[in-house]
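Data first, discussion second: the structure below is written as structure tokens.
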Amino acid sequence: MLHIYTRYLVPKLWVLASSCRLQLGYSWRKPLSSWYSGRFLNLVAKEKLPDTFHLPIIAKSYCSSTLDIKQKDSDQYAVTSLESDRERYFVKKVKPLSDKEREKIRYLLREYVIDDTSYQEKAIEIGISKEIYPRALRLFRKHVHEATGRKELYTREDVELYNVVLKALSQDDDIKALEELFPSFIEYTKQYFPEEIQVRNRMREYADLRLPHLLFPEARKRRRKIVYHFGPTNSGKTYFAMERLKSAKNGVYAGPLRLLAWEAFEKMNADGVFTNLMTGEEKKIIPFASHIACTIEMLSTEEEYEVAVLDEIQMIGDAQRGWSWTRGLLGVQASEVHVCGDPSTKELLKQLAQRCGDEFEEKEYFRQTSLEISRKSLNGDLNKLQDGDTIVVFSRRDVYETKYRVEQTTGKRCCVIYGSLPPETRSYQARLFNDPESEYKILVATDAIGMGLNLNIKRIIFASLEKFHGLSSSARKEPLSFALIRQIAGRAGRAFSIYPHGEATCLYEHDIPRLQEAFQGSVPSIDSAGLMPTLDQMELFASVVGDNVKLSTLLDLFAEYAKLDNLFSLCEQKFLEMRRIARLLQQAGTLSLKEQFEFCQAPVNISDPFLMKYLLSFAKNVATGSRSELTVRPYQGKLLTQLDLQKLESRYRIFDLYSYLSEKFGREFFPDYQVALAYKRRTIQSLETALTEGVRFQDDLNKNTMPKNNSSYEEQRQDNWFRFPVSEELSKANDIPLK
């Protein structure tokens, strides 16, 4: 029995174990014993071994995994003897590398991780993710170290690797040596992590954004005509595009602001062209309407039109909203697509039209009135202000401080316009300023006047040519771009108004050189169009990543695997905002991917913790299937400070958010839609009243002279609502760390 055991059973077990080690990529170590190995080789060869000898190694299936290597049970291995194994497995005698040579190889392989990231980027392109890369490199380094220290090699792969290592060592340059080793590392990794690499390649395929025009097959079926109306501010380019829209049997206007959509809606209906209004927060349906006025995000790519007008096309490169213009330009189904903007997008639009197979036509316009760029400033003297002047500042605090100083110094009343004011309030302030019978002769505004408002401005005065960029925790002051300076300054002087000739200057002398420089030469061109993944793309991407994956994780992975060419770029600011909202939604419970995506598209200011508090509350109700009733009421307290004004603006945004979610999720979840619209109107009225009372809105809460003990119960309750403590996660929603 002992003779049978040692003669037959032990050699077969030894061969089986050895074949498993070879298939997994491990190198052979010392045999079980020289006596057993000798007996085995005599059984197989029946003759003296040559330098190279093929062994009948038992074949088996590969062992692979997606995230973790899970060893399969031994009964899953197919144990068969294949003739091909005789060609792959053999014994070849070689000269082991010296310790010095092996140490040099270890040093070179460490370069893949430590000093040169280009190799990692190459590996990622092949499908080797950042997670797999260091693991695979450690295993490969170990495998090379062991394979080059043996006197005998047993697989063709080991022999090829040995030859590659010798060739790498013969190179004088380390970079050339790395180039020799890298292909072997790639092949080794593909064999060791086949399923993981396949998954990563599919993720990269679904995150491919290099051909976004193919996402709109219906638009590609027709040969469209793209008409590019370009020119400076007050050149009439939008007017002529709108005239063509009115003459069409049906069509759509898409602008960047609700204010512009409202203006188009009112003008077209006044001219007898029945038009519907479609914004994210409001809809107005006119019987027998053939046209639509909407914001750019609400533009439908499913409907067919004769004419479409896309206004302010230069925003296609915007880091926050550029994707909306890209989607509209590539996807709208219209025979004629009229795009209006400045000359900065000329070459980009040409290339996009060529890629879509569309006809491209240019129409250039010139300013209808003169614009003078002053060589002298006001030297900080507010007494030099004239009727029709507009002072441009870049924060709410500066708006109200400047308003107070102007009114105290000159005795003239001021209107104010800034971004966080509701569109209706901005429009009301613009009407006050434009009215020649009004006592409001001076306007204090931010760069929000750059588009969307028709203002009778005589002179633009820049209080500064710098503004803060970024969130409050990481804001930094940066110079205004020349394009923005031109756009704002171009608001001065409007055809057919009381101030047909415009002028631009600065409040302080040190800003004059940059103002003049902005009008010298051409505007820098926009080289890429913004992109964002659609819901369909994210759902397809999620099908590869796995079930029940949070949107925040999907967005991180999508950004890592996204492929873009030189015509497109991700809208980074929008992407960051979506990721922060998505991470906040992780506290809401179980939401579908579509629901998470809709919440991330909601009109919210992520720097407003109270708005984010209610966004999370609404999301929790959707996750549990509960109704979200509108419990917030319009603010009724006196407005004496900027904090009071922020309360009013914050409540307006909550009503705005509620109406948006009611449109997206239906009245079943958000039943108080009409109540929200009524509260929005009341809040707008309160803002308009406060802005026309001439109160100085101080930025220090301690300057509030209203006695606390004289406040009504309702005022105190509402004041407590605004100061309601939120969780640490919510209060730091804009500081969530990103990978």
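The values are calculated or read from the model by the stated rules, or taken from the named source; none is laboratory data. Bear in mind the structure is a predicted one, so any value in this text is a computation, not a measurement. As a convention, Cβ positions derive from the backbone with ideal geometry for all residues, glycine included, and neighbour counts pool all protein chains shown.
Scanning region 517-552 for residues that are assigned to a strand (DSSP E or B) and either over 25 Å from Ile313 (Cα atoms) or over 18 Å from the mean Cα position of the chain (by Cα) (or both) turns up nothing.
Determine, yes or no, whether Met203 is assigned to a helix (DSSP H, G or I) and closer than 30 Å to Glu336 by Cα. So Met203 fails the test.
Residues of region 567-605 being outside any helix (DSSP H, G or I) and closer than 24 Å to Arg200 by Cβ, which ones? Answer for region 567-605, where residues must be outside any helix (DSSP H, G or I) and closer than 24 Å to Arg200 by Cβ: Phe568, Ser569, Leu570.
Close Cβ contacts (under 9 Å, 6 or more residues apart or on different chains) running from residues in region 428-439 that are at positive phi to residues that are surrounded by fewer than 11 Cβ atoms within 10 Å (Cβ to Cβ) are absent.
The residues on offer are Glu263, Glu218, and the sole one that is among the acidic types (Asp, Glu), outside any strand (DSSP E or B) and over 29 Å from the mean Cα position of the chain (by Cα) is Glu263.
I need a count of the residues in region 582-594 that are surrounded by 17 or more Cβ atoms within 10 Å (Cβ to Cβ) and touching a residue at least 60 places away in the same chain (Cβ under 8 Å). Qualifying residue count, region 582-594: 2. Just one of (1) buried (at least 18 other Cβ atoms within 10 Å of the Cβ); (2) of a type in the set (S, T, N, Q); (3) at pLDDT below 90 fails for Gln520. It is (1). Pairs needed: first member in region 269-285, of a type in the set (Val, Ile, Thr); second member anywhere, in a helix (DSSP H, G or I); C-beta distance under 7 Å; at least 6 residues apart or different chains. The qualifying pairs are Val273/Lys246; Thr275/Phe265; Thr275/Met268; Thr275/Asn269; Thr279/Arg258; Thr279/Ala261; Thr279/Met298.
Residue pairs whose Cβ atoms lie under 9 Å apart, separated by 6 or more positions or on different chains, with the first residue in region 495-522 and not assigned by TED's automatic domain parsing to the domain that holds Gly231 and basic (Lys, Arg) and the second in a loop (DSSP other than H, G, I, E, B) and surrounded by 12 or more Cβ atoms within 10 Å (Cβ to Cβ), are Arg514/Leu465; Arg514/Leu480. Filtering region 167-191 to residues that are of a type in the set (A, V, I, L, M) and without any contact (Cβ under 8 Å) to a residue 40 or more places away in the chain leaves only Ile175.
Against the list (1) among the charged types (D, E, K, R); (2) surrounded by fewer than 16 Cβ atoms within 10 Å (Cβ to Cβ); (3) part of a helix (DSSP H, G or I); (4) under 46 Å from the mean Cα position of the chain (by Cα), the condition Lys104 fails is (2).
Yes/no matrix, rows are residues, columns are (1) buried (at least 21 other Cβ atoms within 10 Å of the Cβ); (2) closer than 16 Å to Ser659 by Cβ:
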residue: Ala602; (1), (2): no, yes
residue: Ile606; (1), (2): no, no
residue: Met612; (1), (2): yes, no
residue: Leu615; (1), (2): yes, yes
residue: Val622; (1), (2): yes, yes
residue: Ser626; (1), (2): no, no
residue: Glu629; (1), (2): no, yes
residue: Arg633; (1), (2): no, yes
residue: Leu643; (1), (2): no, no
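Among the residues that make up region 198-206, is at least one of them at positive phi and either polar (S, T, N, Q) or at pLDDT 90 or above (or both)? Scanning region 198-206 turns up no residue that is at positive phi and either polar (S, T, N, Q) or at pLDDT 90 or above (or both). Within region 379-423, the set of residues being over 35 Å from the mean Cα position of the chain (by Cα), surrounded by 17 or more Cβ atoms within 10 Å (Cβ to Cβ) and in a loop (DSSP other than H, G, I, E, B) comprises Leu385, Gly388.
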